[in-house]
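The values are calculated or read from the model by the stated rules, or taken from the named source; none is laboratory data. Only a predicted model underlies this, so the values are computations on that prediction, with no experimental measurement involved. Using ideal geometry, Cβ is built from the backbone for each residue, glycine included, and neighbour counts are taken over all protein chains shown. SASA here: full protein model, heavy atoms, side chains in, ligands and nucleic acids out. Shrake-Rupley method; radii C 1.70, N 1.55, O 1.52, S 1.80 Å.
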Amino acid sequence: MKHSTLRAARSRIALLCLLALHLAETSAKSNDTGELFGLDKVHAAHLVFAADQWEAIKPDEPVRGPGGPPRAGGRGGNPFNPAGFLADGFRRGLDGDKNSTVSNAEFVSGFANWFEDWDTKKQGFLDADAFREGINKALMPPVGGPPGGGGGMPGIKLEARDGLRNGLSGMGGIHFDYVHADLELNGEKFRDVAVRYKGNGTYMDARNSEKKSFKVDLNEFVKGQKLFGLTKLNFHNNITDPALINESLAYALYRDAGVPAPRTSYVRLSVSVPGTYDNKYFGLYTLVENPDRDWAKEAFDTKKGLILKPVTRELFIDKGPDWSAYRQAYDAKTDITDSQVRRVVEFSRLITSGSNEELADKLPEFLDLDQFARFMAVTVWLSCTDSILVVGQNFVIHLDPKTKKFVFAPWDLDRAFGNFFGPDPEQLSIGKAWPEDNRFLTRVMSVPAVQDAYRQRMEEFQKTIFEPAKLSKRIDAIAGLIRPAVVEEGTEKAERFDKAISTSNAAPAVEPPGGGPGFRMPAARPIKAFIQARHHSVSEQLAGRSEGKGLGGGPGGPGRGGRGFGLGTFLAPAWIKAADSDIDGQVTDAEFQAVSSRWAGEWDTDQDALLSEAELQVGLGKAFPPPNPSSQGPQPPRTP
């Protein structure tokens, strides 16, 4: 009996020891996210889908004719077709008698008026700059955007219909649903996780590629599954960045600056689907921390705050007391309380209606001025124009439940380091790196205390975290770590990678994929060259020897025309190619009128001497084709 009792006691002790060991391991895995994130880590991940789930992950997309509006059903359309929003600008600019229709004669005479108006230097021809400025002036909506506002680039609304996903592909009706899969990460297996595609521009760029971005939710179908305390993981494909470094390094720089940015590491991702893929290597991804309650707990020591992911160029503009007027644009990622709604409305009223004195006095009640200055200094230094600066997206706002202050953090940084619009992002003005119609930034950044804090942080970071030699060493260390995984993606990817991290000053000159004039982004300068040029430009601006260049290309601040931003940046190359019959880079009055006559005749398919809405859209879709979805290859270099 004694032996039996002793054996039972020993068994219980052993069991308790095992349980304690298990709990210790589980606790470590639940809390030690340092094992997951870091620029010195490349993990191995494997997603396994059943065949029907792999088919189900593909979103239904609206099918479009060549430039026309979406048609119901099917997959494979292109929601970012410029024809949809160009048709209104053409009709507005060419409808001489204002009867809501454009005759062929009005089309041609309207082009004659455009030429006279765009030839501001009276040279008798239009060069690329004149085209860009003229297109922006003629086709972009009035300052402030279309009625109802909304997020996005000037003339392009990125706020979707109520309840749908915001962003470039979301506004086109592309919705991503979770499907069932299994995940193995560094040998640890998670059964029945939820997986979906993610991204807007990056999804469109990858539509004809296997390497799409994924969001994984460990907890959606099986409650309680976590990895180091996290329930959601983001696998970003880096398809816009041949160096695969922009996003991870940019997030690290924000954190170095004291901004609570998500953390990152790298993942070699493979996929298995019966009959399709057998542990197929999809490539190297950036693993990005999800800006959710788990992130808030790590960053702010609370899960009770409000998390917003806005898509709007009318941030904190008063739209009344009802949250329904803000809901879609602010895209709350947590349940919002009445008191949090009131806080958003109070801040919106201050920004919209408060006097300069009142704003300066009360702003510290809503913003930690130093924290906001840090956020803005890094955003501007990195020339992140696909952000709060211009597009009104790719940032997160956290409303702290204790301080009642709004804290800003970055999101989607693949286009950091000048990898977006504008031929001279290295020269972006640090004094005013946002359009004049951005009321929130214009007002907040005009407050003397914010200006002082911003200037101090820019000067500090210029000497510390943005010092080119230090950044070059970090880039080399990351590149050495990830290059083997990039090489596995193929020779072309490896060659692009090596050029992107070299000290070269220009991207490789190659034809855009698919051929023809693209409605596409310019290629980014290699990251080290950008850093050197940006550091020099910021030094000159801080010393008062330069004002930098605004988004419109002029000194000091952005305008509505110019080279930097707007529809002209996209449309000018295709328009010039169509009109420049002698291929000398200059479009004369005769050449401009010739293309107008040709387009009017070709687009008027029913030969009634009128261009209907459908005919305008189809014609414009042919003249200005949407982005080639298979744009993984290098693009033509931007002029240094």
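Brief remarks follow.
- Tally, over segment 592-629, of residues that are open to solvent by 20 Å² or more (accessible area, probe 1.4 Å) and modelled with pLDDT of 90 or more: 12
- Taking the criterion of being touching a helix residue (DSSP H, G or I) at 6+ places or on another chain (Cβ under 9 Å), in contact (Cβ under 8 Å) with a residue 12 or more places away in the chain and not aromatic (Phe, Trp, Tyr), the residues of segment 314-339 that qualify are 314, 315, 317, 318, 319, 320, 321, 332, 333, 334, 336.
- Within segment 244-263, at least one residue is free of Cβ contacts under 8 Å to residues at least 40 places away in the same chain and within 23 Å of residue 43 (Cα to Cα).
- Selection within segment 92-124 - among the charged types (D, E, K, R) and either surrounded by 12 or more Cβ atoms within 10 Å (Cβ to Cβ) or not in a loop (DSSP other than H, G, I, E, B) (or both): 92, 95, 106, 116, 117, 119
- Strands (runs of 3 or more DSSP E) (entirely within segment 165-230) containing at least 2 residues that are at pLDDT 95 or above and touching a helix residue (DSSP H, G or I) at 6+ places or on another chain (Cβ under 6 Å): 179-185
- Among (1) buried (at least 21 other Cβ atoms within 10 Å of the Cβ); (2) touching a residue at least 60 places away in the same chain (Cβ under 8 Å); (3) hydroxyl-bearing (Ser, Thr, Tyr), the one test that residue 276 misses: (1)
- Considering residues of segment 535-567 that are crowded, with 24+ Cβ neighbours inside 10 Å and not hydrophobic (A, V, I, L, M, F, W, C) only, the residue modelled with the highest pLDDT: 549
- Single residue of 441, 471 found to be under 30 Å from residue 318 (Cα atoms), modelled with pLDDT of 95 or more and part of a helix (DSSP H, G or I): 441
Listed here are the residues, each with its yes/no results for (1) open to solvent by less than 10 Å² (accessible area, probe 1.4 Å); (2) in contact with a helix residue (DSSP H, G or I) (Cβ under 8 Å, 6 or more places away or on another chain).
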| residue | (1), (2) |
| --- | --- |
| 361 | no, no |
| 364 | no, yes |
| 377 | yes, yes |
| 383 | yes, yes |
| 390 | yes, no |
| 398 | yes, yes |
| 403 | no, no |
